[in-house]
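Colleague: One structure, pasted below without further comment.
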């Protein structure tokens, strides 16, 4: 059975049997390998069976084949046996099989976000190089890497680069160390990573007419705001967050409002989207009208509850049949109006958005799943929802596209081609610690990569890129980005409510 036939069999049988190991000797027969590195791919299946980053149906086989070829060519005297794993049990089986063989280290690729494989591999005590497959495994990669850094796991190094040469430079660290020097591995890979990361640019930004609201007025607006959290079928008051009242709303109420939306009004909104979107692809007219009805439903529920912010468990609601249109385009409209529409029932990010929109006199927040690329010295904020009025309802609009939701290629979502050249401030709040997390950066590009979420704003961070890897295990993956230099006002707001600011870069 050849490798591709084997992988196809793995994909078909993963539900019943999990992944199998298949060692592949890459050196010529009889050749003595100087270094033997097992390559472990952490993923659901070789062809992705369901919605997740990068997207449903994504075929990882070309990447794995190309990686094998690249490693063989660059390191002809190394051996790279290969294994696949989708969780701790498969990882344990890999270590057990390696107990009777001589393995010098492990190269673990995080291909999907939340498969916990690298943690088990790290317990081997051998050098482990942990690599991000960008726009595929980046959420888990950032979170798990931060935990390794916090634990000072000296045998675990990492690489987060879009350039293959940076991966090869990190792999070379295996051969640079003598056996038994695993405790030096993380430091060795860090030196290589820093050497290959571009130096900071001169971050001269375009002029921005940000006029922050006085802090006392901002705090008052936060207290008089209201967040509606649509998580499940429960309804009623919830604990306030960041001084902002929160109320639970049931899926059923939102869905009934969607059913009751005026069809003529929904059709007119769909007409407007068809006129103004720079591109519509993969989204039917019917889906546009359903999305417009969901926007009208969100507005109706907000008005009924006297709220200015709504966050919806969109994936759970849609896949569970509780709602019948994605809320992405509705969120897009709310944000353009100076209201708050936030993804995934993330109340913490929603509270961040309420506070910062009040502070900036209506500018919209951009909630995202970030990715870090050391090759470009960038952090890329990726999500399927974004405003196209980054400077507020009265500000200049930017082009936007209407595409399917990326992970499952269903429904309708937004790619906003956001302005570049401006300073941005990215934040998150933590009620339990009374902290506001903050970093800043200059918007430099919009990445059109088809993998993962549709809108991808690339920013060069201000400060220490290495430090930016350290907070994800304590703060989670989401961040909220605003256009403008909000740093002085955020410090003033924190002082006014007795919180503190944590700078993550």
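Just so you know, all these numbers are worked out from the coordinates, no wet-lab data involved. Quantities reported herein were computed from a predicted structural model and do not represent experimental measurements. Counting neighbours? That spans all protein chains shown, and the Cβs are built from the backbone with ideal geometry, glycine included.
Colleague: So what's the back-of-envelope 222 nm ellipticity for the chain, counting only DSSP H runs of four-plus at -39500 (n - 2.57) apiece and dividing by all residues, rounded to 500?
Modeller: After summing the helix terms and dividing by the residues of the chain, the value is -11000 deg cm²/dmol.
Colleague: In addition: Give the Debye-formula value of log10 I(q)/I(0) at each listed q (0.07, 0.11, 0.12, 0.13 Å⁻¹), with one equal scatterer per alpha carbon of the stretch 215-503, two decimals each.
Modeller: -0.23, -0.59, -0.71, -0.84
Colleague: In addition: When DSSP beta bridges are limited to those with both residues in the chain, what percentage is antiparallel, rounded to the nearest 5?
Modeller: 55 percent
Colleague: Would you mind calculating the gained length between residue 409 and residue 243 on full extension (0.36 nm times residue separation, minus the Cα-Cα distance), in nm to one decimal?
Modeller: 56.0 nm
Colleague: Taking Cα atoms, how many degrees apart are the long axis of helix 3-17 and the longest axis of the chain, rounded to 10 and kept between 0 and 90?
Modeller: It works out to around 60 degrees.
Colleague: More than 20 angstrom separation, counting every C-alpha pair in the stretch 254-373; what % is that?
Modeller: Roughly 44 percent, rounded to a whole number.
Colleague: If each of residue 319 and residue 168 carries a label point 7 Å out from its Cα toward its Cβ, how far apart are those two points in nm?
Modeller: It is 3.9 nm.
Colleague: OK, next. With an 8 Å cut-off on Cα pairs and a minimum separation of 6 or more residues, tell me the relative contact order of the chain in percent.
Modeller: RCO, the chain: 13 percent.
Colleague: If I stretch the segment between residue 278 and residue 116 completely, what's the gain in nm (0.36 nm per residue apart, minus their alpha carbon distance), one decimal?
Modeller: Length gained, residue 278 through residue 116: 54.3 nm.
Colleague: Compute the separation of the alpha-carbon centres of the stretch 157-201 and the stretch 328-355 and state it in Å as a whole number.
Modeller: Centre-to-centre distance over Cα atoms comes out at 39 Å.
Colleague: Right, here's the next one. Tilt of helix 61-74 relative to the longest C-alpha principal axis of the chain, in degrees (0 to 90, nearest 10)?
Modeller: Taking the Cα atoms of the chain, the angle to 61-74 is about 50 degrees.
Colleague: Additional query: Among 423, 353, 70, which comes first, second and so on when ranked by fewest other beta-carbon atoms within 10 Å?
Modeller: Lowest count first: 70, 423, 353.
Colleague: Going by C-beta contacts inside 10 Å, put 314, 205 in order with the fewest on the left.
Modeller: Listing 314, 205 from fewest to most nearby Cβ atoms yields 205, 314.
Colleague: Continuing with the same structure: Please rank 206, 199, 92, fewest neighbouring Cβ atoms within 10 Å first, as an exposure proxy.
Modeller: 199, 206, 92
Colleague: May I ask you to order 134-144, 183-193 by the average number of other C-beta atoms within 10 Å around their residues, highest value first?
Modeller: Descending mean neighbour count gives 134-144, 183-193.
Colleague: Please compute the alpha carbon radius of gyration of the chain, then divide it by the globular-protein estimate 2.2 N^0.38 Å. Two decimals is fine.
Modeller: That ratio works out to 1.02.
Colleague: How big, on average over all directions, is the shadow cast by the Cα convex hull of the stretch 347-505, in nm²?
Modeller: Result: a mean projected hull area of 9.2 nm².
Colleague: Could you check what % of the DSSP bridge pairs in the stretch 215-503 are antiparallel, to the nearest 5?
Modeller: Just about 70 percent of them are antiparallel.
Colleague: Could you calculate the contour length gain from residue 267 to residue 217, that is, 0.36 nm times the residue separation minus the distance between their Cα atoms, to one decimal place in nm?
Modeller: 14.1 nm
Colleague: Between residue 65 and residue 205, what's the calculated FRET efficiency when r is the beta-carbon distance and R0 is 41 Å? Round to 0.05.
Modeller: Computed FRET efficiency for residue 65 and residue 205 comes out at 0.45.
Colleague: Sticking with this one: Separation between the residue 496 and residue 56 pseudo-spin-labels, each 7 Å from Cα along Cα→Cβ, expressed in nm?
Modeller: The answer from the label model is 4.5 nm.
Colleague: Right, next: By how many degrees, 0 to 90 and rounded to 10, does the Cα axis of helix 138-151 deviate from the longest principal axis of the chain?
Modeller: That helix lies at roughly 70 degrees to the long axis.
Colleague: With r defined as the distance between the Cβ atoms of residue 286 and residue 361 and R0 fixed at 41 Å, what FRET efficiency is calculated, to the nearest 0.05?
Modeller: 0.65
Colleague: Here's something else I'd like to know. Taking R0 as 30 Å, what's the FRET efficiency between residue 232 and residue 474 from their Cβ-Cβ distance, rounded to 0.05?
Modeller: 0.70
Colleague: Sorted by mean Cβ packing within 10 Å, highest first, what order do the peptides 289-296, 459-466 take?
Modeller: 289-296, 459-466
Colleague: Run the numbers on the stretch 47-195 and let me know its relative contact order in percent, using alpha-carbon pairs under 8 Å that are six or more apart.
Modeller: Once divided by the residue count of the stretch 47-195, the mean separation gives 19 percent.
Colleague: Separation between the residue 250 and residue 151 pseudo-spin-labels, each 7 Å from Cα along Cα→Cβ, expressed in nm?
Modeller: Calculated label separation equals 4.3 nm.
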